[in-house]
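Asker: Submitted below is the structure of interest, expressed as structure tokens.
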Amino acid sequence: MITRAACESLDAADPLRSFRDRFALPDGVIYLDGNSLGALPKATPARMRDVVERQWGQQLIRGWNGAGWIDAAERIGGKIGRLIGAKPGETLAADSTSINLFKVLAAALQLRPGRMKIVSEADNFPTDLYIAEGLTACLGGRHSLHAVPAAAVGESVDEDTAVVMLTHVNYRTGRRWDMGRLTALAHAHGALMLWDLAHSAGAMPLDLAGDNADFAVGCGYKYLNGGPGAPGFLYIAGRHQDLISPPLSGWFGHAAPFEFNPTYVPAPGIARGAVGTPPILGLAALESGVDLLLEPPLSELRAKSLAQTGLFMRLVEERLAMHEFEIVTPREEDARGSQVCLRHPQASPIMQALIAGGVIGDFRAPDILRFGFAPLYVGYADIWDAVDALGRIMAETAWRAPPPQACATVVPGARNS
Ligand SMILES: *Cc1c(COP(=O)(O)O)cnc(C)c1O
């Protein structure tokens, strides 16, 4: 049996343990939902106050140049690029993940004229599929989205496939694709590869350049700790950038936005991924979160993440074996991200009881309990305590009280995935 004392020793030996104190986490809460909304870095309020009071308040419009607002999207994009293994000038912080996906998916289709298929996974996060549907309708309905079960993705890629669009770590199951293998498979058929890194960026090292990815998007408010509604990011491999005609051809992606020309000329490089005026306040909070993530070696972050997800699964097996939880997340380390999902027919009321007791994970319909492990601020003893709390809930009957129709779908974390 794994004891709490053994988990405390793991915490004491943890090379990343000092990072926990860099986050403002409430007392009495074990936060296992950083894959949905990352925690608040302690440095962020002061950074925000400076941007609001000194930059905006005192510099006013002069802040665009004087405080570097005009370069913020590329500067912060460059920092995110270091987390995802992009080359300099390939990543931009901008817009939401959904909007960025629209932009890069449209770009990918442009680069493969005559090919009509978008291949994706049926269990992809819904917005990704919705955006693909909306885009194909915009383009006249000649393209089609093939959202197939994960096991059929490989065989669905063919000579009519323009782009393969996958989320690297599945939001529900935590299953992780082999980025290098899938990218090579897409390329072998002449298709382009687009990765959604919503559940990967900031949770593990990535090597977009080494894996030869064409496009990527991701979230700023999950493992990057950029705050609710933080801007997302997009990545366009350098070799494609100047071949793309931006579908959302706004003035911030113009070659000379301040010449106010009546016709659109796209900026060179990653700048053409921009659309309109960037949200400077949101970018400031995002930069604070990203700066913190640039400090630890990402290999250590990944090692801790794997140790934590592995510990959680072992504890569930050891201590909750009698309670019909099914571990959905793969046991092989290479095949999982930084979260663990348990299936249980009463997942919703169990998660509500857990949250009421101070252990915050989330519920994904119809029967998934989801636990995210952000290695910078989750401790090993926290994991022991979380499983202990789950065991106590299962031993009680209180959580069975709400009738099934009263199982609210609005639980913390329900909006962002
Ligand atoms: C969280 C998430 C999103 C969120 O998109 P927004 O535009 O930020 O709301 C998109 N795709 C995936 C795979 C996600 O996990």
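Asker: I'd like the distance separating the alpha-carbon centroids of region 319-358 and region 94-127, in whole Å.
Answerer: 31 Å
Asker: Does anyone have the angle between helix 97-111 and the longest principal axis of the chain? Alpha-carbon axes, 0 to 90°, nearest 10?
Answerer: Helix 97-111 and the main axis of the chain meet at about 50 degrees.
Asker: Antiparallel as a % of all DSSP beta bridges within the chain, to the nearest 5? The partial results should precede the final answer.
Answerer: Working: 22 of 41 bridges.
Roughly 55 percent of the DSSP beta bridges within the chain come out antiparallel.
Asker: Of all the accessible heavy-atom surface of the chain, with the other protein chains kept in place and a 1.4 Å probe, what percent is carbon and sulfur? Before the final figure, lay out each step's value.
Answerer: Values: 9670 of 16950 Å².
C and S atoms contribute 57 percent here.
Asker: Now, a different point. Non-local amide H neighbours of residue 148 (under 5 Å, H modeled in plane, Pro and chain starts lacking H): which ones?
Answerer: When sequence neighbours closer than 5 places are left aside, the close amide H contacts are 120, 121, 122.
Asker: Principal axis extents for the chain, Cα atoms only, whole Å, descending order, please.
Answerer: Here the spans come out as 68, 56, 41 Å, largest first.
Asker: What is the set of long-range amide H partners of residue 94 at a cut-off below 5 Å, with H atoms built 1.01 Å from backbone N?
Answerer: When sequence neighbours closer than 5 places are left aside, the close amide H contacts are 232, 233, 234.
Asker: From the phi angles alone, apply the Karplus equation (6.51, -1.76, 1.60; θ = phi - 60°) to region 338-343 and give each ³J(HN,Hα) in whole Hz, x where the residue is Gly or Pro.
Answerer: 10, 9, 10, 10, 10, 9
Asker: Also, quick follow-up: Determine the per residue accessible area of the chain with all protein chains present and a 1.4 angstrom probe, expressed in square angstrom. Intermediate results must be reported in sequence, preceding the final value.
Answerer: Details: 16950 Å² over 417 residues.
Ligands and nucleic acids excluded, the result is 41 Å² per residue.
Asker: Using θ = phi - 60° and the Karplus relation 6.51 cos²θ - 1.76 cosθ + 1.60, list the HN-Hα couplings for region 255-271 in order, rounded to whole Hz, with x at every Gly or Pro.
Answerer: So the Karplus estimates, Gly and Pro as x, are 4, 9, x, 8, 8, 6, 6, x, 10, 7, 10, x, 5, x, x, 5, 4 Hz.
The values are calculated or read from the model by the stated rules, or taken from the named source; none is laboratory data. Values in this document were obtained by computation on a predicted structure and should not be read as measured data. We work out accessible area using only protein heavy atoms, side chains counted, and drop any ligands, DNA or RNA first. Shrake-Rupley method; radii C 1.70, N 1.55, O 1.52, S 1.80 Å.
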